[in-house]
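Written out below as structure tokens is the structure these notes cover.
The values are calculated or read from the model by the stated rules, or taken from the named source; none is laboratory data. Owing to the predicted nature of the structure, the values given are computational and were not obtained by experimental measurement. Positions of Cβ are backbone-derived with ideal geometry, glycine not excepted, and every protein chain shown enters the neighbour counts. Heads up: the accessible areas ignore ligands, DNA and RNA and are worked out on the full protein's heavy atoms, side chains in. Shrake-Rupley method; radii C 1.70, N 1.55, O 1.52, S 1.80 Å.
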Amino acid sequence: MIAEAFLPSFGAGGIGGVAAFTFGSPLLFRGAPGIALSWPVILGATATSAGIFALALLPIRQRIRRPSQ
């Protein structure tokens with residue numbers, strides 16, 4: 001998701017990062033016995049990171065839509 005700020009992908013990197021975060025989180029502690037992340041924690045962290053990503057994109061979208069002078 002950090003690469004999104006430096007690449008002209010128009011949100012594809014951020015969306016891919018959120019998807020990778022969501023599907024990769026359950027795999028974090030797969031081999032550790034007795035340790036796991038619950039789905040509410042995963043979904044809460046995913047929603048938070050997606051919200052921060054969306055807030056970061058708002059000024060960029062407004063800048064793109066503004067006519068050049």
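Placing R0 at 25 angstrom, the Cβ-Cβ distance between ILE35 and LEU55 gives a FRET efficiency of 0.20 after rounding to 0.05.
Accessible surface of LEU37, taken over heavy atoms with a 1.4 Å probe and every protein chain present, rounds to 70 Å².
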